[in-house]
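Novice: Here it is, the structure in full.
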Amino acid sequence: MAKDHSKRFLDIVADAKSRILECTVHDVKRRGEQGEAFHLIDVREDHEFSAGRIPNAKHLGKGIIERDVEQMIPDTSSLLILYCGGGFRSALAADNLQKMGYTQVISMDGGFSGWKAAGFEIETEA
């Protein structure tokens with residue numbers, strides 16, 4: 001899912017991924033079906049979130065997540081699963097949240113694209 005990403009961007013993503021945990025779209029689906037408590041956070045841009053998202057996802061775009069996460073989720077021990085379009089922006093955001101003291105942060109590899117490709121349910125604006 002590298003699209004036409006620059007080498008420098010991919011380098012900082014690889015660096016972030018060396019410090020974070022990742023899971024698959026199937027892991028997230030299973031956790032939800034089993035009733036596990038976690039915050040699913042969509043870090044994509046506003047227009048991406050409006051066009052479609054994973055059910056029950058909260059929106060904290062990558063540009064504001066560090067600024068606003070403490071108001072939405074003050075408990076730094078909460079389980080947070082982040083996703084973006086493919087798993088790169090969510091990895092960067094997960095790395096930063098860990099630096100802020102959040103202790104259970106996971107980036108969903110494959111992102112929204114992987115979720116859709118798996119045929120899982122999505123929500124759209126009515």
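None of the figures in this text is laboratory data; all of them are computed from the coordinates on show. Nothing here was measured: the structure is a model prediction, and the numbers come from that model. Note that each Cβ is placed from the backbone with ideal geometry, even for glycine, and that neighbours are counted across all protein chains shown.
Novice: Add +1 for every Lys or Arg and -1 for every Asp or Glu among the other residues with Cβ under 12 Å from the Cβ of Arg53, and state the total.
Specialist: -4
Novice: Could you tell me the calculated FRET efficiency between Glu121 and Lys7, based on Cβ-Cβ distance and R0 = 25 angstrom, to the nearest 0.05?
Specialist: That gives a FRET efficiency of 0.10.
Novice: Let me ask something else. Between Asp15 and His47, with labels modelled 7 Å along Cα→Cβ, what's the label distance in nm to one decimal, could you check?
Specialist: 2.9
Novice: Let me ask something else about it. Could you pull out every one of the aspartates and glutamates with an alpha carbon less than 15 Å from that of Lys62, ignoring same-chain neighbours closer than 8 positions?
Specialist: List returned: Asp42, Glu45, Asp46, Glu48, Glu70, Asp95.
Novice: Let me ask another. Tell me, what is the percent relative contact order of segment 30-108, built from C-alpha pairs under 8 Å that lie six or more residues apart?
Specialist: 32
Novice: Further question: At R0 = 41 Å, how high is the FRET efficiency between Asp68 and Glu33 if r is their beta carbon distance? Nearest 0.05 is fine.
Specialist: Step by step, r from the Cβ atoms, then E = 0.90.
Novice: Enter the mean projected area of the convex hull around the alpha-carbon atoms of segment 37-119, in nm², rounded to one decimal.
Specialist: Dividing the Cα hull surface by four gives the mean projection, 5.0 nm².
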